[in-house]
1. State whether the residues of region B:569-590 include one that is assigned to a loop (DSSP other than H, G, I, E, B), aromatic (Phe, Trp, Tyr) and touching a helix residue (DSSP H, G or I) at 6+ places or on another chain (Cβ under 7 Å).
2. For region A:49-71: of the residues being over 11 Å from the mean Cα position of the chain (by Cα) and buried (at least 23 other Cβ atoms within 10 Å of the Cβ), which is nearest to B:Gly104 (Cα to Cα)?
3. Within the group A:Val30, A:Val74, A:Val17, A:Val12, which residue is more than 9 Å from every other protein chain (Cβ to nearest Cβ), over 9 Å from the mean Cα position of the chain (by Cα) and buried (at least 18 other Cβ atoms within 10 Å of the Cβ)?
4. For region B:419-473, name all the residues that are in contact with a strand residue (DSSP E or B) (Cβ under 7 Å, 6 or more places away or on another chain) and among the aliphatic types (A, V, I, L, M).
5. When only residues in region B:153-168 that are open to solvent by less than 40 Å² (accessible area, probe 1.4 Å) and assigned to a loop (DSSP other than H, G, I, E, B) count, which is farthest from B:Arg109 (Cα to Cα)?
6. Based on what the data block shows, is B:Lys201 basic (Lys, Arg), open to solvent by 70 Å² or more (accessible area, probe 1.4 Å), in contact with a helix residue (DSSP H, G or I) (Cβ under 8 Å, 6 or more places away or on another chain) and over 27 Å from B:Ala432 (Cα atoms)?
Amino acid sequence: MTLADAAIGRPVRIRAVTLERDDAAWLDAVGLSQGEELVVLRRAILGGPVHVRTSSGGEFCVARELARHIELTVVSESEQDKGEPP
Amino acid sequence: MSATVALVGRPNAGKSSLYNAITGGHARVGNYPGITVDILECKLELPSGTAATIADLPGLYSVEATVDTGTDECVARGFIDRLRSEKRSFVVVQVVDPTRLALGLRLTRELTEVGVPLVVALTHKDVLKSEGRAVDVAKLSDAIGCPVVLVNARARDARAAVLAAVDDRLRKVLVADERATFDPADVAKGCVSDVATAAEKRRREFTKRADALLLHPVLGPFLFVGIMAALFAAVFLVAEPAKNLMDKLIALARAGVTAGLGKGLISSFIADGLVAGAGTVLVFMPQIVILTIALEILEASGYLARGAFLVDRLLRLLGLSGRSFLPLLMGHACAIPAISATRIVRDPRERLTTILVIPLMTCSARLPTYSLVLSTFLSHRSAFFRALVFVGLYFAGMLAGLLASWVLRRTATKGKGLPLVLEMPGYRVPQASVAARKAWQSSKRFLRDVGTSILVYAAILWVLLSIKMPGAEGRERPIESSIAATVGRIAEPVTRPAGFDWRINVGLIGSFGARELMVGTMGVINGVENASEAPAPLAERLRDAKKPDGSPVYTTRTGLALLAFFVLACQCMSTVAAIWRETKSWRWPAFVLAYTYVLGYAAAVIVYQVSRLLGVV
């Protein structure tokens, strides 16, 4: 599953970023790195960007074509970080 | 001893507000060789008496990840690298939004790892309090190995707190840095505590509730169009009277020069060349100021990122992204601030494409020109026909711009693009003093960079229109034997397929730098005074002009061809100068002039010839 097709509202974790190294490193610096937990808040219409909130407290707008390169795993209830992001 | 204090931080961390608090809004553009983006700086004295220069760097996410040259991020990193390599006395103050502490600490970790003398300034103390969160500053400082101050960047005491911390850090400059390795998420969790009441927890949800409405899949786009329309209507309502006042002041100045120096070449050069040229620049000032404030309101409130989210898909089809939307929209008011606003576009190719197509947007200077050309050449047609042409011209500019970006992204600016990743900040109330400072800075920059070019151009244009061509025979009006008229006659065989005779060519030469000068120049060459203010006599003169065989010289087809040319040709030296300023190269301004003039000429010929086939007379 990639970020482009993740269900809205379900906690997921970034498993891998299948981009070139430089782009992946920049994405990591921005706050979308491997292991980061996130929730899809909404998607723009007609294949527009995805709006996500990360466990670090950031919210990002990610173009759908980029979202296809962010692979996810579903976070089980027992794994979920119950605390609010600092 | 003098020290440099560099303010760095992620976009929207509160850097502008903190810079304003520290410097009191005073700023000048620093002169740093090789750096093309304006870096604001201010000299002040630290509590210990040490002289310091505070430099406000562009937004930065990382000092390790690779970024494209020419972007704001690259500039900020280059600045820090230069401070390190020059072994100067310096401190980096990283501005961090404590409501997103874990994100900000990623850059902190990188900065400590490379060993720069660092102070972390947590801003938004007021927001933390209102949302019921508390930060243990001492614990955070211990965890990351550098001094931390918590301030409200909009309060007066922020300056003293930050400068005292900088002073302390400077004194420790010779001590080796503690190279901290920490997990930003763990540190943030350990240092931020939740002490919220029910009301404070509700306040935290404000951004969520606002987004549910403003980013709603159906309502969101409508609200967006409505907000943008209201904003631009407000800009015009405020800017128009100021622009008219500026016009009157320039006219008074020109009359004053003529009255003081009498009629003659020198007074004409000063009044019609230099003062008129300065006027061309100054009439844009109200728009520049008001648009800059509008842009700051959009950005500081957090809505700009939402706009990018809403329109990204549409612009992707044309090779752009949501970040290009605002500059393109601003281009409908004035290309000059719009070209400056392209700095928010991270992808250098996309930014260049946006710069190159902005001159095709129907800017406010085109509208009076369209009205004048319509009333001059098409006054005998029905009001409905003229209204239809007017609306068509507006959309033709938009369509041309979008098509041009599609073509450019596949040719001149071809290459891999960076898909949109944009941080969505929480909604905040914009700060009036920051907006005022930015408006002041953009006005100064506009006057400095664009004003100089326009004055030089105005002087050249005066020579072309006022000085007799050597060897030209004397004619009824001096302008008829001017250099411009001679060039106009030489160009006639080229422009005849578009229906333009030598008089129109002179008008086009006169309006090369500012399209609004077209009708005035046409008035002069046809012996009609004040044609810009009252075009009716000029319209009559043009309508009555006959060829030797008795047929009219100018027809509806001439007017339509002229309008097609005006939609596409970049007749604005201020825009050309702004493109030069942003690209730091004459290649791209020359490219814009070339492609828009070629397109304008081709469109004029097509319109003139096709309208003949369609039986338009």
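1. Restricting attention to region B:569-590, the residues satisfying the condition of being assigned to a loop (DSSP other than H, G, I, E, B) are B:569-571, B:584-586.
Still in the list and also aromatic (Phe, Trp, Tyr): B:586.
Narrowing further to those that are touching a helix residue (DSSP H, G or I) at 6+ places or on another chain (Cβ under 7 Å): B:586.
Looking for residues that are assigned to a loop (DSSP other than H, G, I, E, B), aromatic (Phe, Trp, Tyr) and touching a helix residue (DSSP H, G or I) at 6+ places or on another chain (Cβ under 7 Å), one finds at least one in region B:569-590, hence yes.
2. Of the residues in region A:49-71, the ones over 11 Å from the mean Cα position of the chain (by Cα) are A:49, A:56-57, A:63-65.
Restricting the remaining residues to those that are buried (at least 23 other Cβ atoms within 10 Å of the Cβ) gives A:49, A:56, A:63.
On the way: A:Pro49: 24, A:Ser56: 10, A:Ala63: 22 Å.
It comes out as A:Ser56.
3. On the way: A:Val30 fails: more than 9 Å from every other protein chain (Cβ to nearest Cβ); A:Val74 fails: buried (at least 18 other Cβ atoms within 10 Å of the Cβ); A:Val12 fails: over 9 Å from the mean Cα position of the chain (by Cα).
A:Val17 is the lone residue from the list that is more than 9 Å from every other protein chain (Cβ to nearest Cβ), over 9 Å from the mean Cα position of the chain (by Cα) and buried (at least 18 other Cβ atoms within 10 Å of the Cβ).
4. Within region B:419-473, B:Leu420, B:Val421, B:Leu422, B:Met424, B:Leu464, B:Leu465, B:Ile467, B:Met469 meet the criteria.
5. Checking each candidate, the answer is B:Ala155.
6. Details: basic (Lys, Arg): yes; open to solvent by 70 Å² or more (accessible area, probe 1.4 Å): yes; in contact with a helix residue (DSSP H, G or I) (Cβ under 8 Å, 6 or more places away or on another chain): no; over 27 Å from B:Ala432 (Cα atoms): yes.
No, not satisfied.
Residues checked against (1) free of Cβ contacts under 8 Å to residues at least 24 places away in the same chain; (2) under 23 Å from B:Val434 (Cβ atoms); (3) not small (Gly, Ala, Ser):
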| residue | (1), (2), (3) |
| --- | --- |
| B:Thr112 | no, no, yes |
| B:Glu131 | no, yes, yes |
| B:Asp136 | no, no, yes |
| B:Ala153 | no, yes, no |
| B:Asp157 | yes, yes, yes |
| B:Val166 | no, yes, yes |
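A quick yes/no check of all residues on (1) at pLDDT 80 or above; (2) open to solvent by 20 Å² or more (accessible area, probe 1.4 Å); (3) in contact with a strand residue (DSSP E or B) (Cβ under 9 Å, 6 or more places away or on another chain):
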site: B:Arg503; (1), (2), (3): yes, yes, no
site: B:Ile509; (1), (2), (3): yes, yes, no
site: B:Arg515; (1), (2), (3): no, no, yes
site: B:Gly523; (1), (2), (3): no, no, no
site: B:Ala531; (1), (2), (3): no, no, no
site: B:Ala534; (1), (2), (3): no, yes, no
site: B:Ala539; (1), (2), (3): no, no, no
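The values are calculated or read from the model by the stated rules, or taken from the named source; none is laboratory data. Bear in mind that the values here come from a model prediction, so they are computed numbers and not experimental data. FYI the Cβ positions are ideal-geometry reconstructions off the backbone, even for glycines, and counts take in every protein chain you see. Each accessible area value is taken on the protein alone, full model and side chains, heavy atoms only, with ligands, DNA and RNA left out. Shrake-Rupley method; radii C 1.70, N 1.55, O 1.52, S 1.80 Å.
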